[in-house]
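Below is one structure, written out as structure tokens; the observations come after it.
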Amino acid sequence: MNAASLAGEALDELMDATGLEPRQIDAAFGGTGFGGTLMTQRALQEIGVSGPPMYTVENACASGASAINLAWQAVASGTAECVVALGAENLSNLGGGALPLGSKDIEATLGMTMPAAYAMRAQRYLADFGANEGALDLVTQKNRANGSLNPRAHFQQEVSLEEIRGSRPVADPLRLLHCCPNTDGAAAVVVCSAEVAKTSRVPAARILASVIRSGTFHTGYRDMTWPDITYRTATAAYEMSGLEPSDVDLVELHDAFSVSELLHTEALGLADRGEAHRRLSDGDFHRGGKVPINPSGGLLSRGHPVGATGVTQVCEAYWQLTGQAGDLQLSGPRVALTHVTGGGIFGVDNGACGVHIIGAE
């Protein structure tokens, strides 16, 4: 199935669940990195929708989050009442391996693939903050355990520390089970006014903040342990929502590699600098911990269909906040934060980042 057909399946389920009619859709935004031109129009045709404004968004790993941000802007500005935001990807068409980066980018040309970049970040983090490779193993073990409860996950089996440590090297110190899989998948949400939400068959959640930022360009020293783009995006989201990191009950963040969870946990303000690995070891980020991180299994277990990931994270957060998460359900969360970032580009830590803060009604 191509990306548009995968998105069509997600849209079918969305319309069935909400009870909304195709004629109610005022606009649509679709995120994809590799799904081709006019993916959104092709996907909406699958549910009999044509005519309204539709946009296909490419913003690397933040493509899906960017689609939701644009849908939110449309509703918040009053130009639309009911907007569909979706993301879809068929990465199996690429054959496997590291995702291709731009052929004109000097860092990519010199070998700065995503596994290479995150291996450098991992080496620096372990050296600077007194951690060892066991911290990377614990991230994978936690998220694979969470994913074993998720029927939507790419990997639905727990893994032992021995299996993680025995998986093949990819880029030192990263091993295969420290890396997320390339995944085919799609997700879709309705972003709408309060009036439209009242007509839905399912409960609503409220977007308290929706922020997209791009990387800051510079050619000097780059601190590999500090994802500045995540910090800036999250800071803006906290300001928009009027909330603090301590108000967040669950987080779905961009754990494309196991070290990513440690780095972004700190940049999101959920742990002090250099302390995420210790907090993880203490169980603070597990299910039942102080703030569960990636209770759905994250990218390491759920997979990473690039354009769909940001939308999928919002879906997982929505189900938690509305008590529809099934075996994944946490105890009474009221505020969720989702975070996605990516895009290898010369001179910045990442090309694009999206943070959403969502509250239960």
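The values are calculated or read from the model by the stated rules, or taken from the named source; none is laboratory data. If you're wondering where the values come from, they're calculated on a predicted model, not measured in any experiment. Because the Cβ atoms are built from the backbone with ideal geometry, glycine has one as well, and the counts that use them run over all protein chains shown. The area values use the complete protein model at the heavy-atom level, side chains included, leaving out ligands, DNA and RNA. Shrake-Rupley method; radii C 1.70, N 1.55, O 1.52, S 1.80 Å.
When you go through 37, 32 one by one, which is the residue that is among the hydroxyl-bearing types (Ser, Thr, Tyr), touching a residue at least 12 places away in the same chain (Cβ under 8 Å) and open to solvent by less than 70 Å² (accessible area, probe 1.4 Å)? Write out each step before concluding.
Working: 37 fails: open to solvent by less than 70 Å² (accessible area, probe 1.4 Å).
On inspection, the qualifying residue turns out to be 32.
Let's see how each residue does on (1) at positive phi; (2) of a type in the set (A, V, I, L, M); (3) in contact with a Cys (Cβ under 8 Å, 6 or more places away or on another chain):
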residue: 171; (1), (2), (3): no, yes, no
residue: 175; (1), (2), (3): no, no, no
residue: 193; (1), (2), (3): no, no, yes
residue: 198; (1), (2), (3): no, no, no
residue: 202; (1), (2), (3): no, yes, no
residue: 205; (1), (2), (3): no, yes, no
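May I ask you to list the residues in segment 273-307 that are in contact with a Ser or Thr (Cβ under 6 Å, 6 or more places away or on another chain) and assigned to a helix (DSSP H, G or I)?
Once the filter is applied, which keeps residues that are in contact with a Ser or Thr (Cβ under 6 Å, 6 or more places away or on another chain) and assigned to a helix (DSSP H, G or I), segment 273-307 yields 276, 300, 302, 307.
Counting only residues that are modelled with pLDDT of 95 or more, open to solvent by less than 70 Å² (accessible area, probe 1.4 Å) and of a type in the set (A, V, I, L, M), give me the helices (runs of 4 or more DSSP H) lying completely in segment 106-160 with at least 3 of them.
114-129, 133-147
Look at segment 330-349 and say how many of its residues are more than 14 Å from the chain's Cα centre (by Cα) and more than 22 Å from residue 246 (Cβ to Cβ).
6
Hey, among the residues in segment 288-325 that are touching a residue at least 40 places away in the same chain (Cβ under 8 Å), of a type in the set (A, V, I, L, M) and over 23 Å from residue 174 (Cβ atoms), which one's surrounded by the fewest Cβ atoms within 10 Å (Cβ to Cβ)?
291
Can you say whether residue 56 is assigned to a loop (DSSP other than H, G, I, E, B), open to solvent by 40 Å² or more (accessible area, probe 1.4 Å) and over 22 Å from residue 227 (Cα atoms), as far as the supplied structure shows?
No.
Please enumerate the residues belonging to segment 326-346 that are open to solvent by less than 10 Å² (accessible area, probe 1.4 Å) and small (Gly, Ala, Ser).
336, 342 - these are the residues of segment 326-346 that are open to solvent by less than 10 Å² (accessible area, probe 1.4 Å) and small (Gly, Ala, Ser).
Scan segment 287-302 for residues that are of a type in the set (Gly, Ala, Ser) and more than 10 Å from the chain's Cα centre (by Cα) and jot them down.
The answer is 288, 289, 296, 297, 301.
I need a count of the residues in segment 202-225 that are modelled with pLDDT of 95 or more and not in a strand (DSSP E or B).
Selection size over segment 202-225: 4.
Pick from segment 163-189 the residues that are in a loop (DSSP other than H, G, I, E, B) and touching a Gly at 6+ places or on another chain (Cβ under 7 Å): which of them is farthest from residue 140 (Cα to Cα)?
Looking at residues that are in a loop (DSSP other than H, G, I, E, B) and touching a Gly at 6+ places or on another chain (Cβ under 7 Å), I get 183.
Can you confirm whether residue 57 is out of contact with any Lys or Arg (no Cβ under 9 Å at 6 or more places or on another chain), touching a residue at least 12 places away in the same chain (Cβ under 8 Å), closer than 18 Å to residue 306 by Cβ and not acidic (Asp, Glu)?
yes
From the list 188, 194, pick out the single residue that is open to solvent by 30 Å² or more (accessible area, probe 1.4 Å) and closer than 26 Å to residue 57 by Cβ.
Details: 188 fails: open to solvent by 30 Å² or more (accessible area, probe 1.4 Å).
Exactly one residue qualifies, and that residue is 194.
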